[in-house]
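Structure first, commentary second.
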Amino acid sequence: MKRVLTIQDISCVGKCSLGVAMPIISAAGAEAAALPTAVLSAHTAFTHVYKRDLSKDMEKIFSAWQAEGITFDCVYTGYLAGGEQIETVSAFLDRQSKTSSMVFVDPVMGDFGRLYAGFHHTFPEQMAQLCARSDVIVPNLTEACALLDEPYREDYTEEQLIELLRRLCGAGAKCAVLTGVSPAGRADKLGILKYDSRNGAVFSYFGEHVRTKQPLHGTGDIFASACVGALAAGMPLDDALALSVEFTARCAACWAKAADRRWYGVDFETALPYYIEHIQAYKDKI
Ligand code: PXL
């Protein structure tokens, strides 16, 4: 069984970050190990948020694992609470590099053209350094623009988006995947666009765009976690991306249908059987 380390916050309420990564990676049949970067009473879209930064604890946890000889097949990072944490994670990856773990980075920084509250203006530059040493990165458009220090715009053509991905790979990432993309003139579709620097291949996949009156929280974390779980199950990246798009769309659809839906996170729990079924079907085939 593959062992995946996921490094991100625990938002005690809010259905995001470790709260979705652990169950989804487990559902894929992989061992999910967690390193919390911060404990938040709830994610940052809430009004009253108590936050404890765990930067100082992260290094001690890494050292304890080193003393135990614990290594990971995959390291997946999400919300990091500041630049210092990026340094700590990078130093850990230097030590891990001997064990050839796959590095999957979701450069969680913002959405809809705005960075989340609490990040210093140098944070995107530091995040870009972590992306540069990754096998797969999965930014949304806000994050891709921040990583490249480009002004945010929504009117990019597909060619221009591919150029952004090429530039992200030029900085070092092996595969760059832009999330939250709709094909031109198809607002009813939502999915991903991928560039692979090893062969120059472009791949895209679009599922149903579940249109809602309010923005959905945590869907990026659900998508990234599903992709990591599928990769840990042995799926090729393009198949893992397609399954994760479909699963995320179903999570949103389950939420939209639920009479008791919460504003702060979608109903990934209801859609988990779909994900497990498809992971199992893949395992049965190979
Ligand atoms: O879903 C991304 C995310 C993760 N962690 C925290 C957040 C957010 C988005 O707002 O606030 C703490």
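The values are calculated or read from the model by the stated rules, or taken from the named source; none is laboratory data. Since this is a predicted model, take the numbers as computed values, not measurements. Note that we place each Cβ from the backbone using ideal geometry, even for glycine, and neighbour counts take in every protein chain shown.
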(request) Scan Ala242, Ala173, Ala184, Ala256 and give me the residue that is over 21 Å from Arg133 (Cα atoms), crowded, with 18+ Cβ neighbours inside 10 Å and among the aliphatic types (A, V, I, L, M). (result) Ala242
(message) I need the full set of residues from the range 238-286 which are out of contact with any Lys or Arg (no Cβ under 8 Å at 6 or more places or on another chain), of a type in the set (A, V, I, L, M, F, W, C), modelled with pLDDT of 95 or more and in a loop (DSSP other than H, G, I, E, B), in order please.
(response) Ala258, Ala259, Trp263
(message) So the check is Cβ under 9 Å with 6+ separation or different chains; which pairs have a first residue in the range 47-68 that's within 17 Å of Ile10 (Cβ to Cβ) and a second one that's of a type in the set (Phe, Trp, Tyr)?
(response) Met58/Phe92
(request) Could you please give the count of residues in the range 199-224 that are within 16 Å of the ligand (Cβ to nearest atom), of a type outside the set (A, V, I, L, M, F, W, C) and touching a strand residue (DSSP E or B) at 6+ places or on another chain (Cβ under 8 Å)? (result) 3
(message) Every residue in the range 195-215 that is surrounded by fewer than 19 Cβ atoms within 10 Å (Cβ to Cβ) and not in a strand (DSSP E or B), please.
(response) Ser197, Arg198, Asn199, Gly200, His209, Arg211, Thr212, Lys213, Gln214, Pro215
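When you go through Glu163, Glu143 one by one, which is the residue that is farther than 22 Å from Glu87 by Cβ and either in contact with a strand residue (DSSP E or B) (Cβ under 9 Å, 6 or more places away or on another chain) or not small (Gly, Ala, Ser) (or both)? Talk me through it step by step, then tell me what you get.
Values: Glu143 fails: farther than 22 Å from Glu87 by Cβ.
Checking each option against the conditions leaves just Glu163.
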(request) Being more than 16 Å from the ligand (Cβ to nearest atom), in contact with a helix residue (DSSP H, G or I) (Cβ under 6 Å, 6 or more places away or on another chain) and farther than 24 Å from Leu231 by Cβ narrows it down to one of Glu68, Glu59, so name that one. (result) Glu59
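From Pro23, Pro36, grab the single residue that is within 16 Å of the ligand (Cβ to nearest atom), under 16 Å from the mean Cα position of the chain (by Cα) and free of Cβ contacts under 8 Å to residues at least 40 places away in the same chain. If you could, list the steps in order and put the result at the bottom.
Working: Pro23 fails: free of Cβ contacts under 8 Å to residues at least 40 places away in the same chain.
Only one candidate qualifies: Pro36.
Out of the range 178-194, which residues are touching a strand residue (DSSP E or B) at 6+ places or on another chain (Cβ under 9 Å) and assigned to a loop (DSSP other than H, G, I, E, B)? Give the steps one after another, and end with the answer.
Applying the first criterion (touching a strand residue (DSSP E or B) at 6+ places or on another chain (Cβ under 9 Å)) to the range 178-194 yields 178-183, 186, 188-194.
Listed by number, the residues that qualify are Ser182, Pro183, Arg186, Asp188.
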(request) Check Cys12 against each of (1) over 24 Å from Ala91 (Cα atoms); (2) within 12 Å of the ligand (Cβ to nearest atom); (3) in contact with a Phe, Trp or Tyr (Cβ under 8 Å, 6 or more places away or on another chain); (4) not in a loop (DSSP other than H, G, I, E, B) and name the one condition it does not meet. (result) (3)
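Hey, can you tell me all the residues within the range 225-272 that are of a type in the set (Val, Ile, Thr) and either within 16 Å of the ligand (Cβ to nearest atom) or closer than 26 Å to Arg114 by Cα (or both)? Spell out the reasoning first.
Taking the range 225-272 as the starting set, the residues that turn out to be of a type in the set (Val, Ile, Thr) are 228, 245, 248, 266, 270.
Val228, Val245, Thr248, Val266 - these are the residues of the range 225-272 that are of a type in the set (Val, Ile, Thr) and either within 16 Å of the ligand (Cβ to nearest atom) or closer than 26 Å to Arg114 by Cα (or both).
State the number of residues belonging to the range 72-128 that are hydroxyl-bearing (Ser, Thr, Tyr), in a loop (DSSP other than H, G, I, E, B) and away from the ligand (no atom under 16 Å from the Cβ). Explain how you work it out, then say what you get.
Filtering the range 72-128 down to residues hydroxyl-bearing (Ser, Thr, Tyr) leaves 76-77, 79, 88, 90, 97, 99-101, 116, 122.
From what is left, the residues that are in a loop (DSSP other than H, G, I, E, B) are 79, 100-101, 116, 122.
Going one step further and asking which of them are away from the ligand (no atom under 16 Å from the Cβ), we end up with 100-101, 122.
Adding up the residues that qualify gives 3.
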(request) Output the number of the condition that Val49 fails; it satisfies all remaining conditions of (1) within 11 Å of the ligand (Cβ to nearest atom); (2) out of contact with any Lys or Arg (no Cβ under 9 Å at 6 or more places or on another chain); (3) closer than 24 Å to Ile137 by Cα; (4) part of a loop (DSSP other than H, G, I, E, B). (result) (3)
(request) Would you mind stating whether Cys74 is touching a Phe, Trp or Tyr at 6+ places or on another chain (Cβ under 7 Å) and surrounded by 16 or more Cβ atoms within 10 Å (Cβ to Cβ)? (result) yes
